[in-house]
Amino acid sequence: MVRKILAGAVFGFAILGFSMHAFAQSDVIEKRQKLMKSQSAAAKEIKAAVESKNYATVEAKAKDIMGTAEQIPSLFPKGSTKGKTKAKAEIWENNEDFVKHAKTLSKSAGELAAAAKAGNDAEVGVKLKAVGDTCSACHKQFRAEKYAE
């Protein structure tokens with residue numbers, strides 16, 4: 001009888017541990033998707049602001065991207081592949097390169113913010129392209145076209 005109770009308790013704790021892990025993965029995936037959506041929205045606002053030469057908005061939104069870019073690697077902990085995600089396995093297989101992309105994004109967004117602050121039209125265009133190229137390069141290497149499930 002004691003063995004059955006003990007076995008039931010062990011089984012229950014195992015299920016609880018597995019459930020907690022699954023919820024934790026779902027939570028981190030939601031957080032990273034929210035961050036990426038905020039970056040996409042900021043990029044759209046930057047594009048519109050560049051067209052209207054509203055460099056104060058360009059600077060502010062570029063700084064937002066710069067700050068969130070630094071958070072990207074922490075939102076892709078090893079094993080966070082279960083659930084609705086477009087993250088490719090290459091993120092964890094080539095994590096050093098993935099982290100470099102995030103650092104490059106932060107740097108290029110900072111340079112865009114500086115160019116906007118200076119009101120330099122030509123440089124804003126160059127730096128905006130650099131931000132876009134950085135996003136594209138990372139997505140090409142580390143993001144799938146469709147959600148994995």
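The values are calculated or read from the model by the stated rules, or taken from the named source; none is laboratory data. Since we're looking at a predicted model, the values are computed, not measured. As a convention, Cβ positions derive from the backbone with ideal geometry for all residues, glycine included, and neighbour counts pool all protein chains shown.
Selection within the stretch 96-120: residues that are within 19 Å of C138 (Cβ to Cβ) and charged (D, E, K, R). The member of this set that is surrounded by the most Cβ atoms within 10 Å (Cβ to Cβ) is E111. Taking every residue in the stretch 27-54 that is farther than 17 Å from A87 by Cα and part of a helix (DSSP H, G or I) and pairing it with any residue that is among the acidic types (D, E) and at pLDDT 95 or above, at least 6 positions away or on another chain, the pairs with Cβ-Cβ distances below 6 Å are A42/D64. Suppose the filter is assigned to a helix (DSSP H, G or I), of a type in the set (A, V, I, L, M), in contact with a Pro (Cβ under 7 Å, 6 or more places away or on another chain) and surrounded by 13 or more Cβ atoms within 10 Å (Cβ to Cβ); does A60 pass it? So A60 fails the test. Summed over the stretch 121-137, residues that are surrounded by 13 or more Cβ atoms within 10 Å (Cβ to Cβ) and among the hydroxyl-bearing types (S, T, Y) total 1. The residues of the stretch 74-86 that are modelled with pLDDT of 95 or more and either within 14 Å of Q39 (Cβ to Cβ) or among the polar types (S, T, N, Q) (or both), listed by number, are S74, L75.
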